[in-house]
Amino acid sequence: SIKESQNKERLITAMDGTVKGEAIMQAFHNSEFEKHNTEAKEKWGQTPAYREYEAKTKDYSKEKWDALAQGMDQILAAFARCMETGEMPDSAGAQALVKTLQTHITEHYYLCTKEMLSGLGQMYVADERFKNNIDQHGAGTAQFICDGINAYCQQ
């Protein structure tokens, strides 16, 4: 289906950046999906992370993709709430959310090492499309998550 294809595109786009060391799991809604899918597969199709992603997700139903997208959205919203309550990115609450994010990615897509996680954090703020999508949860959320990931990866 188109929706399932779009969800796959989001993840493949994220994989593209992750393998580069500058990516994020939560992707954006736009008409660039097919282009990103093709680019990601061309550039990173032979990497272990991409192969793992393809193997893990090949039988995902539309409902599974939707549930995973909703799960990611809930994690991002939780980061926004954490930030809004005045917690710092290196606080216990924020660090627990970083671990939740890392676990979500590893369990459903590919092994999210600290190096890959660090790349995700960088992409949250470096790519305006991703930053704007994340900041829909609250202005500054992308930077807060990036800073939280940086603190987590330095442990």
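The values are calculated or read from the model by the stated rules, or taken from the named source; none is laboratory data. Only a predicted model underlies this, so the values are computations on that prediction, with no experimental measurement involved. Every residue, glycine among them, receives a Cβ derived from its backbone with ideal geometry; neighbour counts consider all protein chains shown. We work out accessible area using only protein heavy atoms, side chains counted, and drop any ligands, DNA or RNA first. Shrake-Rupley method; radii C 1.70, N 1.55, O 1.52, S 1.80 Å.
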Inside the stretch 49-94, the number of residues satisfying the requirement of being outside any helix (DSSP H, G or I) and without any contact (Cβ under 8 Å) to a residue 24 or more places away in the chain is 7
Please determine whether any residue of the stretch 20-40 is of a type in the set (Lys, Arg), out of contact with any helix residue (DSSP H, G or I) (no Cβ under 7 Å at 6 or more places or on another chain) and at pLDDT 80 or above. no
Going through the stretch 99-136 in order, the residues found to be polar (S, T, N, Q), open to solvent by 40 Å² or more (accessible area, probe 1.4 Å) and touching a residue at least 24 places away in the same chain (Cβ under 8 Å) are 100, 122, 132
Only one of 77, 96, 139 is closer than 24 Å to residue 64 by Cβ and surrounded by fewer than 16 Cβ atoms within 10 Å (Cβ to Cβ), namely 77
